[in-house]
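Q: Here it is: the structure, laid out below.
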Protein chains: 2
Amino acid sequence: MIETIPLDDPDDPRLAPYAAMRERDLVGRAGRFIVEGEVTLRLLLSRQARFAAESILLAPERVAGLVEALAAHTARRPAPPPVYIASRSVMSAVTGFPIHRGVLAVGIRDGDPLAADLVPPVQMPALVLGLAGLTNHDNVGGLFRNAAAFGADAVLLDAGTCDPLYRKAIRVSAGAALTVPFGRLAAGEDWLALAACLSLTPVALSPRGAETLSDLPALPRALLLLGTEGPGLPAETIARARSVRIPMASGFDSLNVATAGAIALHHLRASVTKSTRDKE
Amino acid sequence: MIETIPLDDPDDPRLAPYAAMRERDLVGRAGRFIVEGEVTLRLLLSRQARFAAESILLAPERVAGLVEALAAHTARRPAPPPVYIASRSVMSAVTGFPIHRGVLAVGIRDGDPLAADLVPPVQMPALVLGLAGLTNHDNVGGLFRNAAAFGADAVLLDAGTCDPLYRKAIRVSAGAALTVPFGRLAAGEDWLALAACLSLTPVALSPRGAETLSDLPALPRALLLLGTEGPGLPAETIARARSVRIPMASGFDSLNVATAGAIALHHLRASVTKSTRDKE
């Protein structure tokens, strides 16, 4: 059994973190983020989650399906988050738009860790994704999903890349933004200097890459660098990294960056695994 | 110069095909489809397009940027489509929602061709994508984009797969739905019988595939079969095809089907090219 707290006043102060959800997406939430839907809530409640839930808000008919996940989470926590129950119409009145799925939660961010703390030590294999200037939440969410699928150890973000804990990015990531470790580059930190410092081979994906992806040999420790659709990575980054291209029929810009990233992660994952096996 | 026709009455009968756009998405358009935005309109006007434009509807300030593409299209056509000009507010009144980009067109469908007519003859290399029961327009649109990127010869659809010329599918495809040839399987037609008849090796992508994608040898003629996210391809199809899986860290269902399809198309494109080169 889990304890639930029924609420029926949209102005209840306990619901304040859920209020005016779309407007708040734009201005930020002071150290909090919103999780929507059952798949992502289950990840937030799982052992894999990197973040704690502050509160959970469910439509009454959604409790039964989630009771086991909630109980398991509660059992692991000295101070489990409150589970509020409200009708979909109260939920919609609070958030300001129709809440069809009836599953919401507020999570608490921690400070973004340093890049160096997320990358496996030098004697281990490593697959790290680096995002440079990606401002589209769908693409960043999709890349977290793909990073999780191929077991990337971490995702590193430059200052120009958008927030993976933005509401839509979490949803598109299928919750992977809650589980895959990510960190920001320090101000002025350079991708290539970082790669050298962490003994990672920098691999820059670009339509102008010098070699094709499938010719890239096995790499035990790789940092895959992706730039934004359109301008792509800076020429200087491409020149200093090992640059690879995905051969395409219709040239530049025909693949979505999250899709191109998935193809490269698939190749590098096999490559990291192979080079580790060859060494053994 | 191109001739344009200014219209300022939302009830003008020449604008009827653009009316109540979202409602019409659901009930169909009797042999027509809607193209939105400059990228897709340019494809509809290009030589690559498989379909003719019936009319074009632009906001006045969008004409200058498109005048060359319109003129080139007009020059190739004995009866070029009319180019209507209307303010964004008239466009929005007609369609029933805000039209920000100011670029719309109506295209004319032809009958879906037969599968056999789309596949290159037996002595040629071939890469064909087969979609079984894909009901999500984002996924079908994304797969057309990926099919174009890797130069697939055609996309074949079973009766359960949604329409690639649905408004959102065209948009997500970045216009590839207008250029990549596609056809429907005949009622009761079986993927495996079709593959045998066209001398294509059927490759079924499935988390339960017998071999990993990267171990799949070069195939000169391949039919890549994808099933819907969730249930996937029928067990019987998987059993009768060459079945391959993409190794993943977190198991079943962690990649989006359009992304998984892109990874497989990338591998098969290299494979089709390689086996052709080996033969020469």
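Q: Inspect region B:163-186 for any residue being of a type outside the set (D, E, K, R), free of Cβ contacts under 8 Å to residues at least 12 places away in the same chain, more than 29 Å from A:LEU255 (Cβ to Cβ) and outside the structural domain of B:ALA79 (by TED's automatic domain parsing) and give the result as yes or no. Working first, answer last.
A: Looking only at region B:163-186, we keep the residues that are of a type outside the set (D, E, K, R), and these are B:164-166, B:169-170, B:172-183, B:185-186.
Filter again for free of Cβ contacts under 8 Å to residues at least 12 places away in the same chain, leaving none.
Checked region B:163-186: no residue is of a type outside the set (D, E, K, R), free of Cβ contacts under 8 Å to residues at least 12 places away in the same chain, more than 29 Å from A:LEU255 (Cβ to Cβ) and outside the structural domain of B:ALA79 (by TED's automatic domain parsing).
Q: Just checking, does region B:18-38 include any residue being in contact with a helix residue (DSSP H, G or I) (Cβ under 6 Å, 6 or more places away or on another chain), assigned by TED's automatic domain parsing to the domain that holds B:TYR84, under 21 Å from B:GLY183 (Cβ atoms) and β-branched (Val, Ile, Thr)?
A: yes
Q: Do we have any residue at all in region A:83-91 that's within 25 Å of B:ALA249 (Cα to Cα) and away from chain B (no Cβ under 14 Å)? Explain how you work it out, then say what you get.
A: Of all residues in region A:83-91, those within 25 Å of B:ALA249 (Cα to Cα) come to none.
No.
Q: Now, a different point. Identify, by number, the condition in (1) crowded, with 19+ Cβ neighbours inside 10 Å; (2) within 25 Å of B:ALA249 (Cα to Cα); (3) β-branched (Val, Ile, Thr) that B:THR212 doesn't meet.
A: (1)
Q: I need the full set of residues from region A:141-157 which are more than 17 Å from A:GLY111 (Cβ to Cβ) and in contact with a strand residue (DSSP E or B) (Cβ under 9 Å, 6 or more places away or on another chain), in order please. Give the steps one after another, and end with the answer.
A: Applying the first criterion (more than 17 Å from A:GLY111 (Cβ to Cβ)) to region A:141-157 yields A:141-153.
Listed by number, the residues that qualify are A:LEU143, A:PHE144, A:ASN146, A:ALA147, A:PHE150, A:GLY151, A:ALA152, A:ASP153.
Q: Among (1) over 21 Å from B:ILE263 (Cβ atoms); (2) touching a Lys or Arg at 6+ places or on another chain (Cβ under 6 Å), there is one condition B:SER173 misses while meeting the rest; what is its number?
A: Going through (1) over 21 Å from B:ILE263 (Cβ atoms); (2) touching a Lys or Arg at 6+ places or on another chain (Cβ under 6 Å) one by one, B:SER173 breaks only (1).
Q: Identify the residue in region A:84-106 that is without any contact (Cβ under 8 Å) to a residue 24 or more places away in the chain and assigned to a loop (DSSP other than H, G, I, E, B) and, among all such residues, is surrounded by the most Cβ atoms within 10 Å (Cβ to Cβ).
A: Looking only at region A:84-106, we keep the residues that are without any contact (Cβ under 8 Å) to a residue 24 or more places away in the chain, and these are A:89, A:92, A:98, A:100.
This time we only want the ones that are assigned to a loop (DSSP other than H, G, I, E, B), so: A:98, A:100.
Working: A:PRO98: 9, A:HIS100: 11.
Filtering region A:84-106 for residues that are without any contact (Cβ under 8 Å) to a residue 24 or more places away in the chain and assigned to a loop (DSSP other than H, G, I, E, B), the one surrounded by the most Cβ atoms within 10 Å (Cβ to Cβ) comes out as A:HIS100.
Q: A further question follows. Name the one entry in A:LEU194, A:LEU226, A:LEU219, A:LEU233 that is in the same structural domain as A:THR135 (by TED's automatic domain parsing) and assigned to a strand (DSSP E or B).
A: Values: A:LEU194 fails: assigned to a strand (DSSP E or B); A:LEU219 fails: assigned to a strand (DSSP E or B); A:LEU233 fails: assigned to a strand (DSSP E or B).
It is A:LEU226.
Q: A:GLY96 is checked against (1) in the same structural domain as A:ARG29 (by TED's automatic domain parsing); (2) at negative phi; (3) over 16 Å from the mean Cα position of the chain (by Cα) and fails just one. What number does that condition carry?
A: (2)
Q: Here is a list of conditions, (1) within 21 Å of B:ALA149 (Cα to Cα); (2) buried (at least 19 other Cβ atoms within 10 Å of the Cβ), and A:PRO247 meets all of them except one; can you say which number that is?
A: Just one mismatch for A:PRO247, condition (2).
Q: Out of B:ARG22, B:ARG14, B:ARG29, B:ARG62, which single residue is of a type in the set (D, E, K, R), assigned to a helix (DSSP H, G or I) and buried (at least 16 other Cβ atoms within 10 Å of the Cβ)?
A: Numbers: B:ARG22 fails: buried (at least 16 other Cβ atoms within 10 Å of the Cβ); B:ARG14 fails: buried (at least 16 other Cβ atoms within 10 Å of the Cβ); B:ARG29 fails: assigned to a helix (DSSP H, G or I).
The conditions single out B:ARG62.
Q: What residue, among those in region B:142-173 that are at the interface with chain A (Cβ under 10 Å from one of its Cβ atoms) and assigned to a loop (DSSP other than H, G, I, E, B), is surrounded by the fewest Cβ atoms within 10 Å (Cβ to Cβ)?
A: B:GLY151
Q: Which residue, of A:THR259, A:THR237, A:THR228, is buried (at least 19 other Cβ atoms within 10 Å of the Cβ) and either within 14 Å of chain B (Cβ to nearest Cβ) or modelled with pLDDT under 90 (or both)?
A: On the way: A:THR237 fails: either within 14 Å of chain B (Cβ to nearest Cβ) or modelled with pLDDT under 90 (or both); A:THR228 fails: buried (at least 19 other Cβ atoms within 10 Å of the Cβ).
Sole residue among the options that is buried (at least 19 other Cβ atoms within 10 Å of the Cβ) and either within 14 Å of chain B (Cβ to nearest Cβ) or modelled with pLDDT under 90 (or both): A:THR259.
Q: Read through the list (1) part of a loop (DSSP other than H, G, I, E, B); (2) surrounded by 21 or more Cβ atoms within 10 Å (Cβ to Cβ); (3) touching a residue at least 40 places away in the same chain (Cβ under 8 Å); (4) of a type outside the set (Lys, Arg), then give the number of the only condition that B:GLU189 fails.
A: Going through the list (1) part of a loop (DSSP other than H, G, I, E, B); (2) surrounded by 21 or more Cβ atoms within 10 Å (Cβ to Cβ); (3) touching a residue at least 40 places away in the same chain (Cβ under 8 Å); (4) of a type outside the set (Lys, Arg), B:GLU189 breaks only (2).
The values are calculated or read from the model by the stated rules, or taken from the named source; none is laboratory data. Note that the coordinates shown come from a computational prediction; the quantities given were computed from them, not determined experimentally. Please note: Cβ atoms are built from the backbone with ideal geometry, for glycine as well, and neighbour counts cover all protein chains shown.
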